[in-house]
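To start, the structure itself, in structure tokens.
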Amino acid sequence: MIIRELYVKNFGKMNERSLSLKDGVNLITGGNESGKTTLHAFLHAMFYGLRRQRGRAAARDRYSRYLPWRNGGYYGGRMLFESGGKIFRLDRDFSREHPGAELVCVTDGERLSVEQGDLQMLLGNVGEAVFENTVSIGQLKTVPKEILLSALRSYMASYGESQAAGVDAQDALGRLSSLKKDLEKQSRKEQKETQARAEKLEDRCEYIRREMLRLQGEDLEDGKDGLGGLPSGKKRWKILLALLAAAMALALAGAGTGKLLWPAAAGILLIGLLAAGGLLQRLRRAKKELNRLHRQQQKQRWEKERRRQILEEKERELKNLQDELEELQAAADGRNSLKMEIQAVDLAVRTISELTWKKHSFLGADLKRKMSVILQQITGGKYTGIHIGENFQIGIDALDAYVEPEQLSRGTVEQIYFAFRMAAGEILCQEEPLPFLLDDVFVMYDDRRLKQTLAWLANCGHQILLFTCHTREERLLKELGVSYHKISLEEETC
């Protein structure tokens, strides 16, 4: 990628400023407060946007720091850059009122989308974190040596966590830990809900069992009822017929003997008739009672049938509840879905941790090789190699000794730091070589080391944007015979 033109519409102290950039080395000069750091921040914001934080942090974030000093109605600018043999125009407005970004291919007129990742693709899919930790280096002149060493080890740790652009192992582990907590919380909630549901089902099963026992007990009681004790009408008719037969026999006997037996026969007949009348009355009562008992029996049969149907329904309901309870218990025992997800998260955490540890043990031959080559070139061959231990303890091969960074000067530590970031940038930005943004990085370098570093930069194959408030970079570039494009920001001094 080559940045061709910049138009700072309104960003911090800079207003309505147009700049043209070239391939190779661009020397951007200016004294203190001339806008070098502002321009560096503008380039970063054009590539990756400018987001405002919330709460107290909003007062000190980058968004607030570079709010326009004047003409605050527009906060942003334009960039013209080349990528893949085509020219693109990127316009950004960072203002809260109407923020937005527009990306257009000037070569063929195609309109692209920043929101859908087209700019990210043109940047070689290099994320903001990788950009900030490799090819974009801010001022180091106020950073103590101990803090710089700590930062160097942190940068190496970040690289060791992943050699893929934009992947942060610590962030991934944090996200996985949060996911596991959520899954465990969901699992506990489901267990509680399952237990409550199981208790409810068991209570319902117990109630149905009691109802079934009650219905079965009522059937046994009904089975004892019958039609016993009813008056026997057939037996009484036999007695009545016997009396009538006796009366007729007496009458016939009297007629045959000439004796007067009619009174006796008539008495017997009268007794029979009276008996017959009482019998008929009793029979009517018996019939009425019998009908009542039959109706009662019919009602009992209907009630028994009803209880049988209810009992069958209860049995089916009990069976369904028992099946549901078994399924619920099986689900509670297995917890297949959540259990597998939690196990998968645990496996992912172990895998990332193991890989991170391995990469912490050795950053990779490619990185150490590139870093050693760059360090050797910018130190004139005095330091030929670098070694990195498990805890990011750094060792340097000198011509006649093996030394640790703590034994070296602040300037040499900065050169190790610079070599690491340039090597990491070459590896992580292979898909699309990005410009190197170097903001007063070489303050602690002596002229010899700076000259060697400038020679390496001139031949590294990247566009270089070198911000400086000194004149020696220009002098040394001339001594090296390196072509450069100079941009002065002095007119921006306030």
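Per residue, how many Å² of accessible area does the stretch 1-113 show with a 1.4 Å probe?
Normalised by residue count, the accessible surface of the stretch 1-113 is 48 Å².
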Going from most exposed to least, what order do LEU325, LEU454, LEU213 have by accessible area with a 1.4 Å probe?
LEU213, LEU325, LEU454
Arrange the peptides 455-466, 287-298 so that the one whose residues have, on average, the most other Cβ atoms within 10 Å appears first.
455-466, 287-298
So, relative contact order of the stretch 75-140 in percent, Cα under 8 Å, 6 or more apart, is 19 percent
Multiply the residue separation of ILE310 and LYS287 by 0.36 nm, subtract the distance between their alpha-carbon atoms, and state the gained length in nm to one decimal.
4.9 nm
Calculate what fraction, in whole %, of the accessible area of the stretch 411-470 sits on carbon and sulfur atoms when a 1.4 Å probe is rolled over the protein chains.
44 percent
Enter the Cα centre distance for the pair the stretch 291-309 and the stretch 424-494, rounded to the nearest angstrom.
108 Å
Please give the solvent-accessible surface of ARG369 in Å², to the nearest 10, using a probe radius of 1.4 Å with every protein chain present.
130 Å²
What percentage of the solvent-accessible surface of the stretch 1-143, computed with a 1.4 Å probe over protein heavy atoms, is contributed by carbon and sulfur atoms?
45 percent
By how many nm would the segment from GLU199 to ARG111 lengthen if fully extended, with 0.36 nm per residue of separation less the alpha-carbon distance?
25.4 nm
Suppose each label sits 7 Å from its Cα in the direction of the beta carbon; what would the SER95-SER178 distance come out to in nanometres?
3.3 nm
Going by average Cβ density within 10 Å per residue, which order do the peptides 98-107, 397-406, 121-130 take, highest to lowest?
121-130, 98-107, 397-406
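The values are calculated or read from the model by the stated rules, or taken from the named source; none is laboratory data. All values reported here derive from a predicted model rather than from experimental measurement. Neighbour counts are summed over all protein chains in view; Cβ atoms, including those assigned to glycine, are modelled from backbone coordinates with ideal geometry. Accessible surface is based on the protein model in full, side chains and every heavy atom, while ligands, DNA and RNA are left aside. Shrake-Rupley method; radii C 1.70, N 1.55, O 1.52, S 1.80 Å.
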